[in-house]
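To keep things clear, I will list the structure first and then write my remarks on it.
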Amino acid sequence: MKVVHTDRHRGHDPQVETYLGVPVPACEVVQRAEVIRDALAGDGGFEITAPTEHGTEPILAVHDAGLVRFLEEAWPAAVKQRIERDFLVADTYPTRGMFSGMSDAFVAARPEPVAVGGRTGWWGLDSSNPIRPGSYDAARWAVDVALSTVDLVLAGETAAYGLCRPPGHHAAAAMAGGYCFFNNAAIAAQAIVAATGERVAILDVDVHHGNGTQQIFWRRGDVLYVSLHADPKRLYPFYLGHADEVGEGPGRGANRNYPMPLRADDETYLAALDSALERIDDEPGSIVVVSLGFDTFHLDPIGDLALTTAGYHEMGRRVAALGRRLVILQEGGYHLGALGENARAWLRGAEGRSAG
Ligand code: Q9C
Ligand code: ZN
């Protein structure tokens with residue numbers, strides 16, 4: 001299988017994030033992509049290729065121009081404002097209660113703040129994705145990795161894997177957050193729709209609900225979003241991901257969430273996966289975008305499910321058994337000791353190879 005990878009992710013190198021307000025070591029670190037790359041290179045069955053640049057247009061097909069502008073300007077603006085930190089994080093966010101009782105039109109007309117701290121909250125979800133000097137460049141290259149993976153599949157590959165970093169599925173049209181800046185999978189799905197005119201399904205198996213992907217395609221019937229994740233009653237992103245979120249308008253029925261019980265094992269998870277795959281099978285289309293996370297692993301530091309490496313091999317096998325072409329894009333997964341092996345097992349399963 002072809003693997004798209006570049007070292008350009010290294011510019012996004014957070015050292016700390018916050019957990020309930022307290023600084024803790026960052027989870028979404030440079031080493032994540034390196035251990036996956038090394039495991040795939042060591043396997044011998046994967047061909048690693050570099051992404052090509054695709055420009056801003058495919059990003060603007062999904063994201064608000066204001067978000068793109070903010071992310072591009074954020075670090076220079078922080079420097080100009082003499083914020084003497086080595087990363088930029090907001091501490092004020094415009095949450096729903098702040099605007100309660102005010103009309104949609106009035107709320108939509110509120111001006112973007114001028115202070116960079118205010119702008120960071122304006123375009124942000126949470127304090128877990130610090131902006132570093134090289135974050136924008138890295139996030140742009142993660143999009144190019146995703147779009148280059150799409151190119152491979154459109155050129156005839158049955159499946160290809162994009163080692164995206166930073167990940168993307170928490171990023172909404174006008175919001176970054178949850179270690180994500182641009183929604184790589186949503187941009188990829190939109191590019192496939194534009195190129196083929198076909199419907200596209202996104203299967204999200206990261207432990208967290210992909211609130212950003214859900215938001216982007218909420219009112220669209222041409223992109224089906226199907227997600228298995230830890231129940232948001234327990235886990236981030238907390239406010240979306242429940243089973244009754246099915247989409248609205250033309251998108252009604254084209255959003256399916258499968259919240260999983262605490263410590264769900266391979267068997268429980270794979271049974272829910274079968275239902276999710278049946279839903280995808282009901283939909284026309286020939287390409288599935290997979291938002292692939294390994295934070296469902298039993299040892300993951302921030303997940304609360306209990307999958308194993310053998311479970312990932314079986315998951316890859318079952319997803320490929322759909323018989324659709326696969327654009328497989330990396331999302332989360334934070335147990336560095338097993339991350340490479342888990343990716344290798346999943347992708348080998350998807351290729352019909354043994355677990356190795
Ligand atoms: N210090 C993805 O897996 N909150 N994002 C973590 C723990 C944010 C996860 C708090 C989790 C975001 C792509
Ligand atoms: Zn995750």
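A few notes on this one:
- Cα principal axis extents for region 100-235, largest first, Å: 49, 35, 32
- Comparing H298, H208, H229 in a Gaussian network model of the chain (Cα springs below 10 Å), the most mobile by mean-square fluctuation is H298.
- Nearest-ten-degree value, helix 309-320 long axis tilted from longest Cα axis of the chain: 80 degrees
- Global geometry of region 84-154, whether rounded, prolate or oblate, following the gyration tensor of its Cα atoms and the 1.5 cut on a/c: oblate
- For region 113-256, relative contact order (Cα pairs under 8 Å, six or more residues apart, normalised by length) works out to 18 percent.
- Using the rule -39500 (n - 2.57) for each DSSP H run of four or more residues, divided by the residues of the chain, the 222 nm mean residue ellipticity is -11000 deg cm²/dmol.
- Charges were assigned to the Cβ only: +1 to each Lys and Arg, -1 to each Asp and Glu. The resulting dipole of region 220-356 about its Cα centre is roughly 300 debye.
- Contact order normalised by residue count of region 189-254, Cα under 8 Å, 6+ apart, percent: 33 percent
- Listed residue (A243, G333, G55) projecting farthest to the positive dipole end of the chain, Cβ model: G55
- Count Lys and Arg as plus one, Asp and Glu as minus one, and take only other residues whose Cβ is under 14 Å from that of G117; the net charge is then 0.
- When only the Cβ of Lys, Arg, Asp and Glu is charged (+1, +1, -1, -1), the dipole of the chain relative to its Cα centre reaches about 420 debye.
- Selection from P259, V319, C27 lying farthest towards where the dipole of the chain points positive, charges on Cβ: C27
- Anisotropy class assigned to region 207-356 is oblate, per the alpha carbon gyration tensor with a/c at or over the 1.5 cut-off and a/b no larger than b/c.
- Candidates L277, T308, V116 compared by Cα position along the dipole of the chain: farthest toward the positive end lies V116, with charges placed on Cβ.
- Point-charge dipole on Cβ atoms (K/R +1, D/E -1) for region 171-245, about Cα centre, debye to 20: 120 debye
- Calculated on the Cα set of the chain, radius of gyration then Dmax: 19.0, 60 Å.
- The chain, relative contact order [Cα under 8 Å, separation at least 6], %: 18 percent
- With all protein chains kept in place, the per residue accessible area of the chain amounts to 41 square angstrom at a probe of 1.4 angstrom.
- Structure remark: mean-square fluctuation, Gaussian network model of the chain, C-alpha springs under 10 Å; the largest value among E84, E157, E73 belongs to E84.
- Here the peptides 62-71, 245-254 are ranked by packing, the mean other Cβ count within 10 Å, and the order with the highest first is 62-71, 245-254.
- Angle between the chain longest axis and helix 30-43 axis [Cα atoms, degrees, rounded to 10]: 20 degrees
- Folded to 0 to 90 degrees: helix 65-80 orientation relative to the chain principal axis, Cα: 60 degrees
- Cα-based shape type of region 167-292, given that a ≥ b ≥ c are square roots of the gyration tensor eigenvalues and the cut on a/c is 1.5: oblate
- Surrounding net charge for A39, when Lys and Arg each add one and Asp and Glu each subtract one, Cβ distance under 13 Å: 0
- Portion, in percent, of the accessible area of region 1-136 that falls on carbon or sulfur, probe 1.4 Å: 54 percent
- Electrostatic tally near F294: other residues with Cβ closer than 12 Å to its Cβ, Lys and Arg +1, Asp and Glu -1, net -3.
- Candidates A74, A109, A345, ranked by Gaussian network fluctuation over the chain, Cα under 10 Å, top entry: A109
The values are calculated or read from the model by the stated rules, or taken from the named source; none is laboratory data. Remember, it's a predicted structure, so these values are computed and weren't measured experimentally. FYI the Cβ positions are ideal-geometry reconstructions off the backbone, even for glycines, and counts take in every protein chain you see. Areas reflect the complete protein model, heavy atoms only, side chains present, ligands, DNA and RNA absent. Shrake-Rupley method; radii C 1.70, N 1.55, O 1.52, S 1.80 Å.
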